[in-house]
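**Student:** Quick one: structure below, then a few questions.
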Amino acid sequence: MLRVSIATPTGEIYSSDIDMILIKSSAGEYAILESHIPIVSTIDKGYVKLRTGDNEKFVAINSGVVEQSTNIVTVIAQEAAVADSLAEAEAKLEELHQSMIEENKRKARDFAISEKDLHQNIKKAKAGDLI
């Protein structure tokens, strides 16, 4: 058995004991089984398939690192989504990605408004000093 943990900046999204993990990235694919030699690799855009008996889970990933040592596999990803099928995981990841883009746009807009208000208040404060 392997112990797998998958985390993003928002926290752990998956943790379980598994039989095998298949990692697919732009560099190719490889599997990690019990007693595999220690390894560290990156995933640009890809997925991992987690298998326990006949059950499979898929995790679509944008920008991540995989580390395995002593039957413990850790995946740290910038963005990731877990599902029962690869298509579903990729769809969830795309939805998450679009949501993050919208959130970043909202934050940039709010920052610009706050910055404008700050500059106006500074000007008002300086104008008050002249009286």
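**Student:** If Asn55 passes every condition in (1) in contact with a strand residue (DSSP E or B) (Cβ under 8 Å, 6 or more places away or on another chain); (2) modelled with pLDDT of 95 or more; (3) of a type in the set (S, T, N, Q) but one, which one does it miss?
**Tutor:** (1)
**Student:** Also: Say whether the condition of being of a type in the set (A, V, I, L, M, F, W, C) and either touching a strand residue (DSSP E or B) at 6+ places or on another chain (Cβ under 6 Å) or under 27 Å from Ile21 (Cβ atoms) (or both) is met by at least one residue in the stretch 111-124.
**Tutor:** Looking through the stretch 111-124, none of the residues is of a type in the set (A, V, I, L, M, F, W, C) and either touching a strand residue (DSSP E or B) at 6+ places or on another chain (Cβ under 6 Å) or under 27 Å from Ile21 (Cβ atoms) (or both).
**Student:** Using the structure shown, decide if Ala60 is in contact with a helix residue (DSSP H, G or I) (Cβ under 8 Å, 6 or more places away or on another chain) and of a type in the set (Gly, Ala, Ser).
**Tutor:** The answer is yes for Ala60.
**Student:** Residue under question is Ala89, and the condition is that it be under 20 Å from Pro9 (Cβ atoms) and touching a residue at least 40 places away in the same chain (Cβ under 8 Å); does it hold? Let's see the steps before the verdict.
**Tutor:** Numbers: under 20 Å from Pro9 (Cβ atoms): yes; touching a residue at least 40 places away in the same chain (Cβ under 8 Å): yes.
So Ala89 fits the description; yes.
**Student:** With aliphatic (A, V, I, L, M), within 30 Å of Ile37 (Cα to Cα), surrounded by 10 or more Cβ atoms within 10 Å (Cβ to Cβ) and touching an Asp or Glu at 6+ places or on another chain (Cβ under 9 Å) as the only criterion, which of Ile76, Ile72 stands out?
**Tutor:** Result of the check over Ile76, Ile72: Ile76.
**Student:** Could we say that Glu56 is in contact with a Lys or Arg (Cβ under 9 Å, 6 or more places away or on another chain), closer than 20 Å to Asp84 by Cβ and either surrounded by 14 or more Cβ atoms within 10 Å (Cβ to Cβ) or not hydrophobic (A, V, I, L, M, F, W, C) (or both) here?
**Tutor:** Here the answer is yes, as Glu56 does meet what is asked.
**Student:** Additional query: Of all residues in the stretch 1-37, which are within 17 Å of Asn71 (Cβ to Cβ), of a type in the set (A, V, I, L, M, F, W, C) and not in a strand (DSSP E or B)?
**Tutor:** Selection gives Met1, Ile37.
**Student:** Right, here's the next one. So Leu2 clears everything in (1) out of contact with any Asp or Glu (no Cβ under 7 Å at 6 or more places or on another chain); (2) at pLDDT 95 or above; (3) over 17 Å from Ala89 (Cα atoms) except one condition, right? Which one?
**Tutor:** Leu2 satisfies every listed condition except (1).
**Student:** Under 6 Å between Cβ atoms, at least 6 apart or on separate chains: pull out the pairs that start in the stretch 22-44 with a residue that is in contact (Cβ under 8 Å) with a residue 24 or more places away in the chain and end on any residue that is part of a loop (DSSP other than H, G, I, E, B) and surrounded by 12 or more Cβ atoms within 10 Å (Cβ to Cβ).
**Tutor:** Glu34/Asn71
**Student:** Looking only at the stretch 50-67, which residues are without any contact (Cβ under 8 Å) to a residue 40 or more places away in the chain and either over 15 Å from Gln78 (Cβ atoms) or in contact with a His (Cβ under 8 Å, 6 or more places away or on another chain) (or both)?
**Tutor:** The answer is Arg51, Thr52, Gly53, Asp54, Asn55, Glu56, Phe58, Asn62, Glu67.
**Student:** Is there a residue in the stretch 33-43 that is closer than 24 Å to Ala91 by Cα, under 17 Å from the mean Cα position of the chain (by Cα) and surrounded by 16 or more Cβ atoms within 10 Å (Cβ to Cβ)?
**Tutor:** Yes: one or more hits.
The values are calculated or read from the model by the stated rules, or taken from the named source; none is laboratory data. Given the structure is predicted, the values throughout are model-derived calculations rather than measurements. Note that each Cβ is placed from the backbone with ideal geometry, even for glycine, and that neighbours are counted across all protein chains shown.
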